[in-house]
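Participant: Please read through the structure below; I'll follow up with questions.
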Amino acid sequence: MITAYVYEDRKLAVRELNVEDSLPDSTIWLDLYKPEDDERIWLSKFSVEEVPDEEDMNEIEASARFYQNSDGLHINSLFPQRVGQEVRAVNISFNLRDNVLITMREEDVGLVRLLRNYLRLGRLEVNTPQELFIELFTLKVDYLSDLIEDVYTVLDNVGHQVFESEELDDVFKMITLQEDSNGKIRLSLLDTQRSLRYIQRYYRRNLSDDDMKELREMLADIESLMPHSQFIFDKLNFLLDAAMGFSGLQQNKIIKIFSVAAVVFLPPTLIASSYGMNFVNMPELQWEYGYPLAILMMLASAVGTYLFFKRKRWL
C-alpha cells in the first residue's frame, strides 16, 4: 500500500496511490506499507539506486543500515511495537531526500499511525521532510521511555509476587517476558543512538539549527534512559535469583517433611519388623498381651522421635 502526504493550500492531504498514479507535487512523505513487487518497481522510477528489499532492511551491519547515495540519506532503524504483553522490534527503512521522506515497512507500527493522526489533526507543524523525520524519532524516544516505565511497574508487582505467591510458575514466565521486552527496548535505544549520531555527523549540513537542537536533546534523553535499562536488567536478575531461591526453599520444605516422616516412622517400622518374624524359638509369640504391647511400643517410639525433633527445633 502506498500513501502520499501532500501539502495543499497549507494543509496536509492524505492520498492513497496505486502503481498507475504519478507522485503528486508537494509530497512531503511517501509511506510504503508491505510493498508488493510492482510497488517497488513503481518506486524505482523515482530512484537512482536500487530500492532495498526486506532482506536489506534486516541487515545488522552499520554500512547496510546507515549510508548515503544518489537518492539521499538511508537509515534502517528498529522501532518498538507492543503486541499484547510482548515488545517487538520492527525495522523501518527511511530514505530522506531534500524534498520527500520515503519510508518502507513490513509491519503496521503504532508510532507511524500516531504520527499520521497528529498530522491529520494538525497537532504537528512540519514543513520539511527533515522535520518530519525528526518528529518521528522524537515520538520513538518518548515511547521507549514509556515502555521502560511500564516495565518498572510490572517488576514492582512481580517483586511482591515473589515474596507472597506460593505458585512461582507465573512469576518465572513474567520475569522472562520482561527480560525479553527490556532487551528489545535497549536494542531500540542503541539503534536510535547510532542512527542519530550518524545523522549528526554526516547529515548536519542539511539540517537547521532547530533540527540539530532536537537531535542533541534526543541523544541526551537516550543517554539518561540507558542507566534505567541497565537497572532493570539488574533488578530482573535479582528477582530471578530470589524466585529461584524461594522455589528451592519450598522444595526443601517438602523434602524436609518426607525426611522427618521417614525418620519418625523408622523406630515403629523396626519394632514391627522385629515382631513380624515367625521363628519357632521367639518367646514373644506366646505373650497374651504381645500384640497391644507392640502397638504401644510403636506409638511411643514415633511420638518420642517427634518430640525429640521438636525439642531440637528441627521442625
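The values are calculated or read from the model by the stated rules, or taken from the named source; none is laboratory data. Being a predicted model, the structure only gives us computed values, none of them experimental. In this analysis, Cβ positions are derived from the backbone assuming ideal geometry, glycine residues included, and neighbour counts consider all displayed protein chains.
Participant: Return the total of residues in the stretch 271-283 being of a type outside the set (S, T, N, Q) and surrounded by fewer than 12 Cβ atoms within 10 Å (Cβ to Cβ).
Facilitator: Of the residues in that region, 5 qualify.
Participant: Check off (1) touching a residue at least 60 places away in the same chain (Cβ under 8 Å); (2) more than 30 Å from Y143 (Cα to Cα) for I254 and give me the number that stays unchecked.
Facilitator: Single failed check for I254: (1).
Participant: Another question about this same structure. Considering only the stretch 91-105, state which residues are modelled with pLDDT of 85 or more and either assigned to a strand (DSSP E or B) or of a type in the set (D, E, K, R) (or both).
Facilitator: N91, I92, S93, F94, N95, L96, R97, L101, I102, T103, M104, R105
Participant: Now, a different point. Check W314 against each of (1) part of a helix (DSSP H, G or I); (2) touching a helix residue (DSSP H, G or I) at 6+ places or on another chain (Cβ under 9 Å) and name the one condition it does not meet.
Facilitator: For W314, the failing item is (1).
Participant: Looking for something charged (D, E, K, R), out of contact with any Pro (no Cβ under 8 Å at 6 or more places or on another chain) and not in a helix (DSSP H, G or I) - is there at least one such residue anywhere in the stretch 275-288?
Facilitator: There is at least one residue in the stretch 275-288 that is charged (D, E, K, R), out of contact with any Pro (no Cβ under 8 Å at 6 or more places or on another chain) and not in a helix (DSSP H, G or I).
Participant: Given (1) under 26 Å from S26 (Cα atoms); (2) surrounded by fewer than 13 Cβ atoms within 10 Å (Cβ to Cβ), identify the lone condition not met by R216.
Facilitator: For R216, the exception is condition (1).
Participant: Next up: Cβ contacts < 6 Å: first residue at pLDDT 75 or above, restricted to the stretch 283-294; second residue part of a helix (DSSP H, G or I), any location; separation 6+ or different chain. Result?
Facilitator: Qualifying pairs under 6 Å: G290/E284.
Participant: Go through the stretch 1-27 residue by residue and tally those that are closer than 19 Å to D38 by Cβ and of a type in the set (K, R).
Facilitator: Count: 1.
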